[in-house]
Amino acid sequence: MLTLQNGKIVTVAEPAHGGSGSSWRSVPSIRVELAERRPAHPQRKFLSGINSPFVVTLLGGMLAALISQVWQSRASEIAYQRTVLEAALSERRAVANQFAMKFASAIYRAELLKRREIWLREAASYQDKTSGKFPDGRTFDEQRQNYEAIAERYYATETPEGLVSTVLASYSSESTRTRATQLYELLDRFMQVRKMDEMKSLYATINKEYPQLLVSMVDELKSVDRAHSTG
């Protein structure tokens, strides 16, 4: 067979198969040797790299950091929602307290104002043609000044319509909003009424209706408080 010796191609005799000291190797043995020398497959190298302790530790650290970040984000969101809910609940309590403490006196001042207003509108029928005075001894001008003083005091404090508007702005349950809307409509009619009998009738209706609105507000507060406690 041909071989290379000292930079020259020479012919050498092939040794007999199986001979003693023979350097001849069979084809299968050459294939095995070539296979052993063949570079490892890239995919196998990649998988063996992933299984290394360094990569496993690195990936584990990254996963732990990601889980921690997601948990912190969720915890912050829950804390924010709880803060918003607590603020809304506190605001509703304040509105309920204000309504309970001030509505009765506000509607009473409104009744005084409307009574004087209607009385002045019908003053011609009460006025004595000779003295120019009314049954309480006041003249028309004095009665008008008295009405203006009552009106000034009325609008300087919380009005019934303003208190109900605050309820509508703060409460969301269907029951509370329905009752608040109905009461607001009654108040609107009350402030526009021009007859004494109609004014008295509306005043009595309003005094029956506003406690029901307060009950509905308290029920909504209890419902929101339960949801906040279980949340």
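Bear in mind that the values in this text are calculations on the coordinates, not laboratory data. Keep in mind it's a predicted model, so treat the numbers as computed, not measured. Virtual Cβ from ideal backbone geometry, glycine too; neighbours counted across all protein chains shown.
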Descending Cα extents along the principal axes, the stretch 93-223, whole Å: 65, 25, 17
Fewest-first ranking of ARG109, ARG144, using other Cβ atoms within 10 Å as the exposure measure: ARG144, ARG109
Sorted by Cβ neighbour density within 10 Å, fewest at the top, the residues VAL164, VAL218, VAL70, VAL224: VAL70, VAL218, VAL224, VAL164
Label-to-label distance, nm, for residues given as ASN146 and GLN212 (7 Å Cα→Cβ offset): 3.6 nm
